[in-house]
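Chemist: Let me give you the structure first, and then I'll get to my questions.
No value in this document is a laboratory result; all are computed from the given coordinates. Please read all numbers here as calculations on a predicted model, not as lab measurements. So basically every Cβ, Gly included, is an ideal-geometry build from the backbone, and we count neighbours across all protein chains shown.
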Amino acid sequence: MSGLDPAGIAEQLDKAATTATAIPQLAAEAGLDVDAAYGVQTALVQRRLDRGERLVGLKMGLTSKAKMAQVGVDEVIWGRLTDAMWVPDGGSVDVSTYIHPRVEPEVAFLLDRMPEPGEPLGAFTDAVRAVAPAIELIDSRYANFTFSLPDVIADNTSAAAFVVGPWSPVPDGLDNLGVLLEIDGRVAQVGSTAAILGDPRRALDEGVRLAGRHGVRLREGWVFLAGAATAAVPLRPGAQVRAVVEKLGTASLKAA
Ligand code: OOG
Ligand code: MG
């Protein structure tokens with residue numbers, strides 16, 4: 001077997017993550033298209049599950065223009081979240097366990113009743129039990145944080161860690177809430193939830209649709225990250241990070 005079959009690629013990406021060592025992009029050489037890249041992602045996440053991790057949710061990526069522009073890829077993508085990636089609110093991460101970590105402000109949904117396959121997603125307030133401010137820590141396993149669309153999909157959309165702030169009942173409007181990313185008490189990024197597909201509720205429709213294409217059904221009790229509202233910012237050792245979302249409050253993270 002060459003190192004470029006799906007299992008071999010998943011193994012290389014997994015090693016890159018567990019050893020915090022960047023690797024070159026692989027998709028072009030391996031001839032991976034988007035569908036094959038989701039197959040690699042499945043194999044990559046399965047390696048985590050085989051080590052005892054548990055799926056706890058789904059994340060959307062590149063749902064805002066700011067993010068698309070930052071990484072030069074303009075398609076909405078999705079990835080998987082496991083319990084090992086979940087850092088308690090106010091908790092800390094060790095920067096040395098990542099390659100080139102970045103943080104970004106997000107909105108999280110706590111999923112309620114999810115449709116059966118082929119069934120349409122019901123009203124947002126039936127599908128979502130609660131919402132929260134969140135921080136995603138992304139860490140591309142590719143050198144220079146540079147990748148093509150199939151590369152980033154194969155790499156589980158750069159997912160590395162996430163923090164969810166306090167849950168609140170779903171507010172009346174979610175489509176135009178102010179979003180701040182603060183590092184050490186200074187504003188590093190400013191945005192609005194409107195940047196997330198015009199309304200972050202749309203991210204859930206997209207998640208159900210896009211993951212469904214690959215036979216993945218969202219589950220009641222899962223966390224859903226709707227995608228960053230602003231560009232991501234490098235995470236330096238010692239940094240104190242806060243994501244503040246109007247009406248929803250704050251999620252925070254310390255970098256050791
Ligand atoms: C890809 C993941 C994008 C988001 O919120 O847009 C993402 C990346 O930027 O490395 O998580
Ligand atoms: Mg994100």
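Chemist: Less than 17 Å apart at the alpha-carbon level, and either on another chain or at least 8 residues along: which aspartates and glutamates does that give for K254?
Modeler: D89, D94, E104, E106, E136, D139, E182, D184
Chemist: With +1 on the Cβ of every Lys and Arg and -1 on the Cβ of every Asp and Glu, and nothing else charged, how large is the dipole of the range 1-65 about its Cα centre, in debye rounded to the nearest 20?
Modeler: With only Lys, Arg, Asp and Glu charged at Cβ, the dipole is about 380 debye.
Chemist: Could you give the size of the charge dipole of the range 6-255 about its Cα centre, using +1 on the Cβ of each K and R and -1 on the Cβ of each D and E, expressed in debye and rounded to the nearest 20?
Modeler: In total the dipole reaches around 380 debye.
Chemist: I've got another one for you. Report the normalised scattering of the range 18-139 as log10 I(q)/I(0) at q = 0.22 Å⁻¹, calculated by the Debye formula with identical scatterers on the alpha carbons.
Modeler: Values returned for q = 0.22 Å⁻¹ are -1.77.
Chemist: Taking K and R as +1 and D and E as -1, what net charge do the other residues with C-beta under 12 Å from the C-beta of A30 add up to?
Modeler: Charge balance in the 12 Å sphere: -4.
Chemist: Sticking with this structure for a sec: Leaving out same-chain residues fewer than 8 places away, which lysines sit with a Cα under 17 Å from that of K67?
Modeler: K59
Chemist: Once every Cα of the range 6-255 carries one equal point scatterer and solvent is ignored, give the base-10 log of I(q)/I(0) from the Debye formula at q = 0.08 Å⁻¹, two decimals.
Modeler: Relative scattering, expressed as log10 I(q)/I(0), comes to -0.27.
Chemist: Something else about it: When Lys and Arg each count +1 and Asp and Glu each count -1, what net charge do the other residues less than 15 Å away from V163, Cβ to Cβ, add up to?
Modeler: Its environment carries a net charge of -4.
Chemist: Residue-wise, which Karplus ³J(HN,Hα) couplings in Hz belong to the range 182-197, taking 6.51 cos²θ - 1.76 cosθ + 1.60, θ = phi - 60°, and x for glycine or proline?
Modeler: Values per residue, Gly and Pro as x: 10, 10, 6, x, 9, 6, 9, 8, 10, x, 9, 4, 4, 5, 8, 6 Hz.
Chemist: May I pose another question? Expressed as a rounded percentage, what relative contact order does the chain have, with Cα pairs under 8 Å and six or more residues apart?
Modeler: In percent, rounded to a whole number, it is 28.
Chemist: So, one more: State the answer as a single residue: which of N144, P169, A159 lies farthest towards the positive end of the charge dipole of the range 129-180, with beta carbon charges of +1 for Lys and Arg and -1 for Asp and Glu, about the Cα centre.
Modeler: P169
Chemist: Then there's this: Net charge near T146: determine it from the other residues with C-beta under 14 Å of the C-beta of T146, scoring Lys and Arg +1 and Asp and Glu -1.
Modeler: -1
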